[in-house]
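To start, the structure under review is shown below, and the notes come after it.
The values are calculated or read from the model by the stated rules, or taken from the named source; none is laboratory data. Here the structure is a predicted model, which is why all the values come from computation and not from measurement. When we count neighbours, we look across all protein chains shown, and the Cβ atoms used for this are built from the backbone with ideal geometry, even at glycine.
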There are 2 protein chains.
Amino acid sequence: MKVDRPQFSSFEPPLRTLMGPGPSDVPPRVLQAMARPTIGHLDPEFVRMMEELKQLLRYVFQTTNEITFPVSGPGSVGMEACFVNLVEPGDKVIVCRNGAFGGRMVENVVRTRGVPVVVEDDWGAPVSIGKVEVALAANPDARILAFVQAETSTGALSDPDPLVALAHEHGCLTIVDTVTALGGVPVKVDAWQIDAVYAGSQKCLSCPPGLAPVSFNERAMEKATTRKSPCQSWFMDLNLLLGYWSSSTRTYHHTAPVNALYGLHEALLMLQEEGLEAAWARHLRNHRALVAGFEAIGLTMFVAEPHRLPQLNMVVVPEGVDEAAVRGRLLAEFDLEVGAGLGALAGKVWRVGLMGYAARPENVVKCLRAFSEVLGDAGVDVAGHEAEKAAQAVLQAG
Amino acid sequence: MKVDRPQFSSFEPPLRTLMGPGPSDVPPRVLQAMARPTIGHLDPEFVRMMEELKQLLRYVFQTTNEITFPVSGPGSVGMEACFVNLVEPGDKVIVCRNGAFGGRMVENVVRTRGVPVVVEDDWGAPVSIGKVEVALAANPDARILAFVQAETSTGALSDPDPLVALAHEHGCLTIVDTVTALGGVPVKVDAWQIDAVYAGSQKCLSCPPGLAPVSFNERAMEKATTRKSPCQSWFMDLNLLLGYWSSSTRTYHHTAPVNALYGLHEALLMLQEEGLEAAWARHLRNHRALVAGFEAIGLTMFVAEPHRLPQLNMVVVPEGVDEAAVRGRLLAEFDLEVGAGLGALAGKVWRVGLMGYAARPENVVKCLRAFSEVLGDAGVDVAGHEAEKAAQAVLQAG
C-alpha cells in the first residue's frame with residue numbers, strides 16, 4: 001500500500017482587493033514581517049517581542065489588563081477561549097443574538113454545559129438595552145452577559161458601555177466580541193469595564209487570519225482561576241496559558257505560531273504609528289464616501305444610519321439582480337472581493353468591507369466603479385459616474 | 001482613562017540555526033510563500049490550493065483518507081481535536097505514557113470526561129507492546145488506544161504497526177501522535193490502519209508553527225459523526241469542520257489562516273520534490289553522523305540505539321556541567337538553538353533536533369564544533385576535533 005507522490009507546483013495567489021467581511025487587505029510591511037527567519041518560541045529575543053506584543057494589544061484594547069495576549073488560533077478560538085474559561089456547567093449566560101455571531105455564542109454556552117438565555121434582536125438592529133435589562137431582571141441567577149459589539153453578519157454596531165454597566169449592576173461578568181470592531185471603531189476595555197474580550201487579526205488590524213487577541217480583567221481572571229471544575233479545553237485553559245504568556249514564568253505550553261506573531265507585531269506597530277483615533281477617523285471618512293457613492297447610484301444600505309459599522313457596509317441587492325453573479329464578475333474582472341450575505345441575509349445583501357489597510361480612498365473609488373459597471377450591465381440604472389463624484393466630494397470635504 | 005501609545009519598532013529576529021525540539025529551520029522558499037498576498041478564505045483560487053494541500057498531506061501521511069486536512073492551530077489543537085471528537089463522556093481510553101506528550105493525552109481524556117487507563121513506560125523507552133496487550137485484555141470495555149509514535153520529550157520511537165493491530169483485535173480505535181514523526185521517519189497511516197492521527201507543521205515539515213495536519217479514516221469518522229453527545233468544542237467539531245474542508249460544500253466555519261497555509265503548501269511541495277523515502281534517509285544519515293560525532297567526544301546518548309529518533313537526539317549532560325549555561329553559550333555565541341530537557345529530564349539532557357530542513361551536513365558539523373568548544377571550555381575532555389572527523393566519515397560513507 002503506497003500513496004503516490006502528487007505533482008503540484010508553488011501556489012501564486014492572484015492579487016485581489018479584499019473588501020469583504022475579512023480577511024482584509026494586508027499591507028506589504030506585514031507580509032514581509034511574516035517572512036523573517038523563524039526563531040524558537042522560547043528564544044530570549046522572541047520573548048522580548050512577546051512583551052511588546054502584549055503592550056501593543058493593551059493599547060488597541062485601551063486597557064491596562066495584565067492578561068492581554070493573542071490566542072494561537074482564529075477569532076473563533078478567541079470566542080471559545082472566553083466561554084470555556086468563564087462558563088462552568090450550569091452557569092446561566094444571557095446571550096444577545098442579533099446576527100450569526102451571537103448565535104455562535106449561544107452554541108458555545110451549550111457546549112460548555114452552561115444555560116443560555118437568549119435575547120433576540122432583528123438582524124441589522126443593535127442589541128436592545130431595554131431587552132437586556134428585562135432579561136437581567138428576570139434572571140437574577142445569571143452569571144454572564146455576552147454580546148457582539150460589531151456584528152460581522154449584519155453590519156450593525158452595538159454600544160458596549162451601557163450594556164456592560166447594566167450587567168455589572170446585576171452582578172454579571174461580561175464577554176464582548178470585538179472581532180470586527182477592534183481597530184475600526186472605539187473599543188475601550190477599561191473605560192467600559194469589559195471583563196473578557198476577544199478579537200481577530202484579519203479584520204481592522206489588517207493582519208492575515210489565524211490569531212485572536214484577548215484580554216481579561218481581574219474579575220474575569222478570578223473566575224477563571226478559582227472555578228470548581230477544570231476548564232474543558234486543555235489548549236484554551238487560561239491557567240496553563242498564563243504560564244507561557246506571563247513575563248515571569250515562560251513555561252512551555254504549546255508552540256506559538258512564531259511568524260504569524262511577527263505579522264501581528266508589525267500590524268500593531270502600523271496602528272501605533274497612525275494612532276488609534278486617526279484610524280477610527282479614517283474608517284469613518286472612507287465609509288461616508290462609500291455610502292454617498294452607493295446612494296448616488298440608487299443603492300440602499302441595509303442598516304439604519306446611526307447603527308452602521310464604518311468598516312462593514314451592508315448593501316441591499318436590488319430587486320431582480322443575481323447577487324452571486326455580481327460577486328463573481330467583481331472577482332473575475334476587477335479582482336475585487338466583497339462578501340455574500342450570511343444565514344438569513346444570504347442572497348439579500350452584499351457585505352462591503354473597509355477594514356484596516358483596505359479603508360483607503362482608492363479602494364472606495366475602485367469599488368464604486370466596479371459596482372457601477374457590473375450593475376449597469378445587469379440592467380440597474382446607475383446614473384453614470386455619479387457614484388464616484390459623490391464619494392470624491394465626501395473625501396475632499398475631509 | 002486612556003492607554004498611551006507605545007513606541008516600539010519593527011522586530012528583526014536574529015538568524016538562528018534551530019536544532020531544538022521544534023520549531024526547526026524554515027527554508028527561504030517557505031518563508032517567501034508566507035509573504036504572498038493574502039486572498040479570501042473562500043476565494044476559488046484558495047479553494048483550489050486547499051484541495052492540493054489535502055492531497056499533499058495524504059501523501060506525507062501515506063493515506064487515501066478523504067478527511068485529511070490541517071487544523072487551524074498548533075499541534076496541541078490537533079491532539080485536542082482528536083480527543084474531543086472521538087472520546088465521549090464515560091469512554092474508557094487506554095493511554096500509553098512514556099513521556100510528556102503521553103501525559104498530555106491523559107489530560108485530554110480527563111477533560112473530555114473519558115476514563116483514562118494509563119500504561120506507563122520509562123522516559124526514553126518505547127511503548128511496551130506487552131503492557132498494552134495486558135491493558136487491552138484487562139479492559140474489554142476500552143474504546144480507544146492512544147499513544148505517541150515519536151516522543152518529543154524523550155527522543156524515543158515506538159512502533160505503531162503492532163500497537164494498532166492489537167487495538168483493533170480488541171475492538172479499539174486508535175489515536176496516534178505523529179507530531180515529531182511526520183516527515184522524519186515512516187508514518188504509514190493506511191498500511192498500519194491508524195484511525196486518527198495528528199501532527200504539527202513545525203517539526204520535520206519545516207514550516208513555521210501554527211498548523212496541525214490531521215487524518216481520520218472511515219471508522220473514526222463513523223464515531224465522530226454518530227456520537228450521542230455533541231463534541232464539546234465548537235471550533236474543533238469535525239461535523240462542522242467538514243463543511244468547510246469538504247470539496248463539495250465549503251460552508252463558512254472559521255476563517256482559515258491563509259498565509260500560514262501558503263507556507264504549509266510550499267513546505268509539502270518541497271517534500272513532494274525530494275520524495276518521502278529520500279527525506280527519511282536524509283534524516284537517518286545526518287543522525288548517524290551527529291551521533292558518531294557526539295560519541296567521539298565522549299558524550300552519551302540517552303535513548304538505547306534501536307529506539308532512537310533520527311530527528312531528535314537526546315544527549316546526556318556530563319556530570320558537573322551546567323546544562324543551561326551550555327545552551328546559553330550555544331545561543332549567544334553560535335546562534336545555535338538546542339532544547340532543554342522537559343519534565344523529569346530537565347537539567348539531565350539536551351534535545352538536539354535534526355528536523356526537516358535542519359537535517360543537513362553543515363548543521364551536523366556546526367553543532368559538533370559548537371559543542372566541542374563550549375564543553376571544552378567547561379572542562380570536559382572533548383578530544384580535539386575528533387567529533388567533526390567522526391561525523392564526516394559517516395557522511396562520506398553515505
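Things to note:
- Only listed residue being within 30 Å of A:Arg5 (Cα to Cα), assigned by TED's automatic domain parsing to the domain that holds B:Gln149, surrounded by 22 or more Cβ atoms within 10 Å (Cβ to Cβ) and in contact (Cβ under 8 Å) with a residue 12 or more places away in the chain, chosen from B:Ala289, B:Ala256: B:Ala256
- Residue within region B:130-143 that is of a type in the set (A, V, I, L, M) and within 22 Å of the chain's Cα centre (by Cα) present: no
- Residue in region B:28-42 that is more than 8 Å from every other protein chain (Cβ to nearest Cβ) and more than 27 Å from the chain's Cα centre (by Cα) present: yes
- Summed over region A:97-139, residues that are outside any loop (DSSP other than H, G, I, E, B) and of a type in the set (Ser, Thr, Tyr) total 0.
- Which numbered condition B:Leu56 fails, given (1) farther than 30 Å from A:Leu269 by Cβ; (2) more than 7 Å from every other protein chain (Cβ to nearest Cβ); (3) buried (at least 19 other Cβ atoms within 10 Å of the Cβ): (2)
- Taking the listed residues A:Thr112, A:Thr174, the one that is more than 14 Å from chain B (Cβ to nearest Cβ) and buried (at least 23 other Cβ atoms within 10 Å of the Cβ) is A:Thr174, with no other qualifying.
- Here B:Ala224 fulfils each of the conditions (1) in contact with a helix residue (DSSP H, G or I) (Cβ under 6 Å, 6 or more places away or on another chain); (2) farther than 20 Å from B:Met270 by Cβ; (3) buried (at least 24 other Cβ atoms within 10 Å of the Cβ) apart from (3).
- Screening A:Thr64 against (1) more than 12 Å from chain B (Cβ to nearest Cβ); (2) among the polar types (S, T, N, Q); (3) surrounded by fewer than 24 Cβ atoms within 10 Å (Cβ to Cβ); (4) touching a residue at least 60 places away in the same chain (Cβ under 8 Å) leaves a single unmet condition, (1).
- Hits in region A:307-352 (condition: among the small types (Gly, Ala, Ser) and either assigned to a helix (DSSP H, G or I) or touching a residue at least 12 places away in the same chain (Cβ under 8 Å) (or both)): A:Gly320, A:Ala324, A:Ala325, A:Gly328, A:Ala332, A:Gly339, A:Ala340, A:Gly341, A:Gly343, A:Ala344, A:Gly347
- Meets criteria (assigned to a helix (DSSP H, G or I) and crowded, with 22+ Cβ neighbours inside 10 Å) for B:Val187: no
- Test result for B:Ala304, surrounded by 21 or more Cβ atoms within 10 Å (Cβ to Cβ) and touching a residue at least 60 places away in the same chain (Cβ under 8 Å): no
- For region A:132-157, residues that are surrounded by 24 or more Cβ atoms within 10 Å (Cβ to Cβ) and not hydrophobic (A, V, I, L, M, F, W, C) total 6.
- Verdict on B:Val317 being over 19 Å from B:His283 (Cα atoms) and modelled with pLDDT under 95: no
- Residue in region B:93-103 that is over 30 Å from A:Asp25 (Cβ atoms), at the interface with another protein chain (Cβ under 8 Å from one of its Cβ atoms), buried (at least 21 other Cβ atoms within 10 Å of the Cβ) and in contact with a helix residue (DSSP H, G or I) (Cβ under 9 Å, 6 or more places away or on another chain) present: no
- Hits in region A:165-185 (condition: over 19 Å from the mean Cα position of the chain (by Cα) and of a type in the set (A, V, I, L, M, F, W, C)): A:Ala165, A:Leu166, A:Ala167, A:Cys172, A:Leu173
- Residue within region A:283-298 that is more than 14 Å from every other protein chain (Cβ to nearest Cβ), closer than 30 Å to A:Leu368 by Cβ and not in a helix (DSSP H, G or I) present: yes
- When residues of region B:334-348 are limited to those that are under 21 Å from B:Val26 (Cα atoms) and touching a helix residue (DSSP H, G or I) at 6+ places or on another chain (Cβ under 9 Å), the one farthest from the other protein chains (Cβ to nearest Cβ): B:Phe334
- Of the criteria (1) modelled with pLDDT of 95 or more; (2) within 28 Å of A:Glu88 (Cβ to Cβ), which one A:Pro208 fails: (2)
- Being closer than 22 Å to A:Glu88 by Cβ and either free of Cβ contacts under 8 Å to residues at least 40 places away in the same chain or not β-branched (Val, Ile, Thr) (or both) holds for only one residue in A:Ala150, A:Ala138, A:Ala181, and it is A:Ala138.
- Index of the failed condition, B:Trp280 passing every other in (1) assigned to a helix (DSSP H, G or I); (2) more than 14 Å from chain A (Cβ to nearest Cβ); (3) hydrophobic (A, V, I, L, M, F, W, C): (2)
- Meets criteria (surrounded by fewer than 24 Cβ atoms within 10 Å (Cβ to Cβ) and more than 8 Å from chain B (Cβ to nearest Cβ)) for A:Glu51: yes
- Qualifying residue in region A:6-19 (condition: surrounded by fewer than 17 Cβ atoms within 10 Å (Cβ to Cβ), out of contact with any strand residue (DSSP E or B) (no Cβ under 9 Å at 6 or more places or on another chain), hydroxyl-bearing (Ser, Thr, Tyr) and more than 25 Å from B:Leu18 (Cβ to Cβ)): yes
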